[in-house]
There are 2 protein chains.
Amino acid sequence: MIYTITLNPAIDRLIKVKGTLTKKRTNRAHQVEYDLGGKGLHVSNVLTKFNMENKALGYIGETNRPLMESILAKKNICHHLLVEDGASTRECIVVMDDTNAGSLMITENGFHVSKENHSKLIDFLHQFLTEKDIVVIAGSMPPNYTIAQLLEIINTIKNKKCFIACDLSGEALAAVVDMGINFIKPNQYEVEVLFQNNQTTLIQKIKELAIKIDYVVVSLGKDGSYVAHKDNLYQVTSPTVKERNDTGAGDVFVGSFIAQFVQGKDLKTIMKYATGCSASKVTKHNSTDFDIKEAESYFNRISIKKLGSDEDVVS
Amino acid sequence: MIYTITLNPAIDRLIKVKGTLTKKRTNRAHQVEYDLGGKGLHVSNVLTKFNMENKALGYIGETNRPLMESILAKKNICHHLLVEDGASTRECIVVMDDTNAGSLMITENGFHVSKENHSKLIDFLHQFLTEKDIVVIAGSMPPNYTIAQLLEIINTIKNKKCFIACDLSGEALAAVVDMGINFIKPNQYEVEVLFQNNQTTLIQKIKELAIKIDYVVVSLGKDGSYVAHKDNLYQVTSPTVKERNDTGAGDVFVGSFIAQFVQGKDLKTIMKYATGCSASKVTKHNSTDFDIKEAESYFNRISIKKLGSDEDVVS
């Protein structure tokens, strides 16, 4: 089984207003849509699209729980989310108007998670994880969550000998890297923060990370990614596509990577699906849509170059 | 019993962001508060503050029902709201940043109300209303609600011989004025729309309305109001106060008016409470707070002038 853990879930509220969004007057919304927010839940959505059995774990707020559950139900996402009483799942509000000045994005912080719910999550992991399982932890932490709590989760999973993939940043990323896990996907900025901007090159930093971490993916946005595994480092380019919205592209990358990995595919195939699906996501308006067939049509425009060897181009 | 009816309820989401609200980047909310929205619910809140027994009727969405119910519970509002499955109570989003450029307000349209729920509301009115009751219908209509449905509600209440107060606008106001009800509170613009901008003066229009409607209040914002009752027309001035937020001031006026009216107070007292409480509301940041003691302290700064008679100043 693949489990995803979203500690700080979100609901995306996409609001369209006519004319120009203006302060000091009432702007009437003529369309409102809801979408999944929270990186771990996005990964669950990707796995579900790949028909990979998975279960979303984490927390949700009680006061807008039916809304969140209706969004999860529409996407057919299997979940066991612990409910925090009196709390609302945070929203990421995106307001679009008729101008081309870009959308207005407002993100809320999320609710405080009780010690009881944290313990319940730990208990669940204790009880149900087996060493065949894969666990993906992704996204920000709730405002009151401590690194110690995160590490308790990681420790519990490590004791069960599961494969652990993390899409975290800042202190949380540093803490899980220290512990040694199986997969990380920072972007270039997050890697630099991790090394406190020391003077080695990005490549050297990735190689250092790859000593402890089985799969190190460093996303470079439109420029593709570096993927390090064992002693090998690959540079993967992304196909040029018409960009509409790159929110969620990283989650599609992680979900597609895990979906291929769990099927035992070779690293080249894994990288092609992850890169192709992520590029497909970028062409969509919302933060969760992507198309697997479209992704496959990009495969011949994705190059995978093994760095530091004679056999430069492997595809 | 006093009943309020809110056909298109709302939740106010007040979001504070640091710095300057900017498109094309993520604006992080550092504070989020919820407040009651929907004029009828606001009137219920005012009545409850005056310790007047009342019940809020209308519709709410299922998907954020616990949030709405927690807001109602905090304000101790008694309600019998019909739940629309799969629907969200609309939000009025108010975003404030650190600049003095005013807040950004985005209002959603509301959900479609099913025929079943409309019938349930009619059945409730049939079953429970008595001729001693007062019914206040206030606010906008749901997107799919028809004037015929509104008139069915009005007819049902009229058949029970209740006192009917309406704070409506546009077509809905025109329709209820045609039927003849007991109280309306349009602003000057809404009166002009009602008379399709014909050339008579505002005073003449108010007098014409007062032939059919027992109490005609025309709000003039900071300039106070005109109040017509039977053959008498009064000009009421509002005390000058430090304005922070005038949203909800009209609902406080209506609620205070009804709270005094139901206690059998004389029209002068009714007008003083309505005007004073409304002025107190304007000094508060959110859309529901006001202070009755503060309102009473304004009484000697409220003048009530009877128009078209020798005894010009009655207070």
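Sorted from longest to shortest, the spans of the Cα atoms of chain B along the three principal axes equal 63, 47, 41 Å. In the stretch B:239-290, the portion of solvent-accessible area held by carbon and sulfur atoms comes to 45 percent [1.4 Å probe, whole percent, DNA, RNA and ligands not counted]. Only Lys, Arg, Asp and Glu carry charge here, each on its Cβ (+1 for the first two, -1 for the last two); on that basis chain A has a dipole of about 600 debye about its Cα centre.
Peptide B:68-78 has a mean shielding of 1, counted as Cβ atoms of other protein chains within 10 Å of each residue's Cβ.
What the Cα convex hull of the stretch A:48-99 gives, in volume per residue, is 110 Å³. Within the full protein context, the accessible area of B:ILE134 is estimated at about 10 Å² for a probe radius of 1.4 Å. The distance from the alpha carbon centre of the stretch A:228-244 to that of the stretch A:280-304 is 13 Å, rounded to a whole number. In terms of accessible area, using a 1.4 Å probe and ignoring ligands and nucleic acids, B:HIS229, A:HIS118 rank largest first as B:HIS229, A:HIS118. When A:ASN159 is represented by a point 7 angstrom out along its Cα-to-C-beta vector, the spacings to that point in the other copies are 6.9 nm, nearest first. Magnitude of the charge dipole for the stretch A:67-170, about its Cα centre and with charges confined to Cβ atoms of Lys, Arg (+1) and Asp, Glu (-1), is about 500 debye. For the stretch A:223-277, the Cα gyration tensor yields ellipsoid semi-axes of 20, 14, 9 Å (square root of five times each eigenvalue, largest first, whole Å). Across all directions, the average flat footprint of the convex hull enclosing the Cα atoms of the protein assembly as shown is 31.9 nm². Here B:PHE290 sits with roughly 10 square angstrom of accessible surface, probe radius 1.4 Å.
3J(HN,Hα) couplings calculated from phi for the stretch B:295-300 with the Karplus curve 6.51 cos²θ - 1.76 cosθ + 1.60 (θ = phi - 60°) are, in sequence order, 4, 5, 5, 7, 3, 6 Hz; Gly and Pro show x. Ranked from shortest, the separations from the 7 Å Cα-to-Cβ label point of B:ARG301 to its equivalents in the other copies are 6.8 nm. Quick one: Cα centre-to-centre distance for the stretch A:138-168 and the stretch A:1-61, in angstrom? Between the Cα centre of the stretch A:138-168 and that of the stretch A:1-61, the gap is 22 Å. Annotation: the stretch B:11-145 has a Kirkwood hydrodynamic radius of 16.7 angstrom, from the mean reciprocal C-alpha pair distance. Taking +1 at the Cβ of each Lys and Arg and -1 at the Cβ of each Asp and Glu, which of B:GLY224, B:ILE164, B:GLN199 sits farthest along the dipole of the stretch B:138-261 towards its positive end, judged by Cα position relative to the Cα centre? The one lying farthest along the dipole's positive direction is B:ILE164.
Considering only A:ALA138, A:LEU21, A:VAL95, the residue lying farthest towards the positive end of the dipole of the stretch A:1-145 is A:LEU21, judged by Cα position with unit charges set on Cβ.
Expressed as a whole percentage, what fraction of the accessible surface of the stretch A:108-170 belongs to carbon and sulfur atoms when a 1.4 Å probe is rolled over the protein heavy atoms? Taking all protein chains in place, the stretch A:108-170 shows 50 percent carbon and sulfur surface.
With solvent modelled as a 1.4 Å probe, how much accessible area in total do chains A and B shield from it at their shared surface, in Å² to the nearest 100? For chain A against chain B, roughly 2900 Å² becomes buried.
When nucleic acids and ligands are ignored and a 1.4 Å probe is applied, B:GLU33 ends up with an accessible area of around 90 Å².
For the pair A:GLN196 and B:VAL193, label points projected 7 Å from Cα toward Cβ lie 6.3 nm apart. If you plug the beta carbon distance of A:ASP291 and B:ILE147 into 1/(1 + (r/R0)^6) with R0 = 35 Å, you get a FRET efficiency near 0.20. How shielded is B:22-29 by partner chains, expressed as the average number of their Cβ atoms within 10 Å of its Cβ atoms? Averaged over the peptide's residues, the number is 6. Would you mind classifying the stretch A:66-212 by shape? Square roots of the alpha carbon gyration tensor eigenvalues, ordered a ≥ b ≥ c; an a/c under 1.5 is rounded, otherwise it is prolate if a/b is larger than b/c and oblate if not. Taking the square roots of the gyration eigenvalues as a ≥ b ≥ c, the stretch A:66-212 is oblate. Working note: Karplus 6.51/-1.76/1.60 with θ = phi - 60° gives the stretch B:138-154 the couplings 9, x, 6, 9, x, x, 9, 6, 9, 4, 4, 5, 4, 5, 5, 4, 4 Hz, where Gly and Pro are set to x. For the stretch B:252-273, the residues whose amide N sits under 17 Å from a probe point set 7 Å from the Cα of B:PHE299 along the beta carbon direction are B:256-273. Each Lys and Arg Cβ is given +1 and each Asp and Glu Cβ -1; about its Cα centre, the protein assembly as shown then shows a dipole of about 420 debye. Remark: mean inter-chain Cβ contacts per residue of A:98-105 equal 3, using a 10 Å Cβ-Cβ cutoff to other protein chain atoms. Here r is the Cβ-Cβ distance between A:GLU33 and A:ASP223 and R0 is 22 Å; the resulting FRET efficiency, rounded to 0.05, is 0.10. Cross-link check: pairs A:LYS212/A:LYS293; A:LYS23/A:LYS75; B:LYS205/B:LYS242; A:LYS23/B:LYS185; A:LYS24/B:LYS24; B:LYS212/B:LYS305 evaluated at a Cα-Cα cut-off of 29 Å; pairs beyond the cut-off: A:LYS212/A:LYS293; A:LYS23/A:LYS75; B:LYS205/B:LYS242. On a per residue basis, chain A carries 44 Å² of accessible surface, using protein heavy atoms and a 1.4 Å probe.
Which Cα, out of B:LEU7, B:SER119, B:ILE154, lies furthest along the positive dipole direction of chain B (beta carbon charges, K/R +1, D/E -1)? Final value for the positive-end residue is B:LEU7. Per residue, the average separation of C-alpha pairs within less than 8 Å and at least 6 apart gives chain B a relative contact order of 14 percent. Between B:ASN109 and B:THR22, the FRET efficiency estimated from the beta carbon spacing at R0 = 22 angstrom works out to 0.25.
Judged by the mean number of other Cβ atoms found within 10 Å, the most tightly packed of the peptides A:206-216, B:196-206 leads the ranking A:206-216, B:196-206. Label-point spacing for B:ASP123 across the identical copies (point 7 Å from Cα in the Cβ direction), in nm and ascending order: 4.2. The local environment of A:GLU33, defined by Cβ-Cβ distances under 14 Å, has a net charge of 0 under the rule Lys, Arg +1 and Asp, Glu -1.
The values are calculated or read from the model by the stated rules, or taken from the named source; none is laboratory data. Since the model is a prediction, treat every value here as computed from it, not as a measurement. We place every Cβ from the backbone using ideal geometry, glycine too, and count neighbours over all the protein chains shown. What goes into the accessible areas is simple: the full protein's heavy atoms, side chains included, and nothing from ligands, DNA or RNA. Shrake-Rupley method; radii C 1.70, N 1.55, O 1.52, S 1.80 Å.
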